[in-house]
Amino acid sequence: MSHAVIAPTTTVSDREWTLDDLEFLPRGERCEILDGVLYMPPLPEWSHGTCATNLFRFLDRWVSDDGLGHVRQAGVGIYRDRWNYLDPDVVVYRHHHVPAEESLPMGAALAVEVLSPANRRSSYRPKREAFLVERGVPEHWYVDPVKRTLEVLRLEVGAYKLWRVFSNEEIVSSPEFPGLEFPLPTLWQRAN
């Protein structure tokens, strides 16, 4: 499989990529395919992993306790067809998003991307957002461990609009998940 890296988050090839091709990539390699183009995010920093894990643990407890669905970290993703697959850092699926045996999730309630210096400048961010809009994902979050912010975008009339940016010691909430609240600083805390 011949391919050339043209940017830290973009890998393109001389042919169209499909989900079947992901089987031939090394295990643990994060990849996304949008319109047949393969995108590979850079390796995350420690703060990225800490933040994604803390957010996953909090959302998983909250979603599980309220019986609202399932939460998954990178690796499960959201699919449209063999040429389109997105792999956010954390995804919340409502029960109706959970696929039948041997099929793939086609939608989600929330997709979260934890930013790092390399993916902050991602050239394909608009393509990712367009994919999420098409899949009807009502909320999309960008979490920035460097700036220590959480940006909530809401799906409104076919596009994402900024709903709120949380920073400092603020309590994060969400219109998509009434009752969800957590202090933003808990995302940056290292586990003991």
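Some values worked out for this structure:
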| read-out | value |
| --- | --- |
| Single residue of the stretch 170-179 satisfying the filter (in a loop (DSSP other than H, G, I, E, B) and among the small types (G, A, S)) that is least open to solvent (accessible area, probe 1.4 Å) | S174 |
| Residues within the stretch 138-169 that are modelled with pLDDT of 90 or more, assigned to a loop (DSSP other than H, G, I, E, B) and open to solvent by 60 Å² or more (accessible area, probe 1.4 Å), tallied | 4 |
| Matching residues in the stretch 46-74 - criterion: being closer than 25 Å to V146 by Cα, open to solvent by less than 50 Å² (accessible area, probe 1.4 Å) and outside any helix (DSSP H, G or I) | V71, A74 |
| In the stretch 79-91, the residues that are in a strand (DSSP E or B) and in contact (Cβ under 8 Å) with a residue 40 or more places away in the chain | Y79, R80, N84, Y85, L86 |
| Residues satisfying the stated conditions in the stretch 73-92, i.e. under 20 Å from L155 (Cβ atoms) and either modelled with pLDDT of 85 or more or of a type in the set (V, I, T) (or both) | I78, P88, D89, V90, V91, V92 |
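The values are calculated or read from the model by the stated rules, or taken from the named source; none is laboratory data. On a predicted model such as this, the values are computed, not experimentally measured, just so you know. Methodologically, a virtual Cβ is constructed for each residue, glycine included, from the backbone with ideal geometry; neighbour enumeration extends over all protein chains shown. These accessible areas exclude ligands, DNA and RNA; they are computed on the full protein's heavy atoms, side chains included. Shrake-Rupley method; radii C 1.70, N 1.55, O 1.52, S 1.80 Å.
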